[in-house]
Amino acid sequence: VFKNNGYKQLIKQAEIDVIGLNTTEKSVFGIDVAFHNAGLNYKDVTNNVLKKLFRTIFVLQTYFNDFNKFNAFFITPKANPATEKPIRELIEEANKLIYDEMISVKFICNETFFTLIVDPIINNIDDDNDTSELFIRSIKLLQLDKRNNSTTGIKKANKKSTTITDKTTVDGMKIGQF
């Protein structure tokens, strides 16, 4: 899968979007999040996802070697069935080859993504008083909008073209010209 790349090159190419630590159970979690509007669209999707997962495991084992359990997740809100099936099959085969209960490799997508990740956040949004988390801030902002959309709960504003008619200028440039 990694061709002739050495260990150092594999580590350099690693990218982990979220790292979580469970210090009680000595577990570390590495999560790679991919969002593509049309679903995953990497060049060689199946191998690319597998590479990302194993790079995550390598990085976790390298930098968190005091921990006992290593969990790598690749998550995406949208994966086409033609893409999802081979990824799941390859991950299942990889988990059989690893055969180590201290290493976990998982793929979460589509409905499961929303059920396990998005829904719990939205369902507990009222209990969160720290609005420094951008997703929660965005949802709370949308909740302040009193306009109604029965389908999604989110109303898109009507698009209006805005024309600047004021001739006010700053340093020779019309305000809004940029």
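The values are calculated or read from the model by the stated rules, or taken from the named source; none is laboratory data. Quick caveat: nothing in here was measured; it's all calculated off a predicted structure. Cβ atoms come from the backbone with ideal geometry, glycine included; neighbour counts cover every protein chain shown. Keep in mind that these areas ignore ligands, DNA and RNA; they rest on the heavy atoms of the full protein, side chains included. Shrake-Rupley method; radii C 1.70, N 1.55, O 1.52, S 1.80 Å.
A few points about this structure:
- Cβ-Cβ distances below 8 Å connect the following pairs, each with a first residue in segment 49-77 that is in contact (Cβ under 8 Å) with a residue 12 or more places away in the chain and in a helix (DSSP H, G or I), a second residue that is acidic (Asp, Glu) and open to solvent by 20 Å² or more (accessible area, probe 1.4 Å), and a separation of six or more residues or different chains: Lys52/Glu15; Arg55/Glu15.
- For segment 47-62, the criterion of a residue being of a type in the set (Ser, Thr, Tyr), open to solvent by 30 Å² or more (accessible area, probe 1.4 Å) and modelled with pLDDT of 85 or more is satisfied by at least one position.
- Looking only at segment 14-33, residues that are surrounded by 13 or more Cβ atoms within 10 Å (Cβ to Cβ) and modelled with pLDDT under 90 come to 1 in all.
- For segment 129-166, the set of residues classified as part of a loop (DSSP other than H, G, I, E, B), under 25 Å from Ala34 (Cβ atoms) and modelled with pLDDT of 65 or more consists of Ser132, Glu133, listed by residue number.
- Any hit, segment 34-45, residues being assigned to a helix (DSSP H, G or I) and either crowded, with 18+ Cβ neighbours inside 10 Å or of a type in the set (S, T, N, Q) (or both): yes
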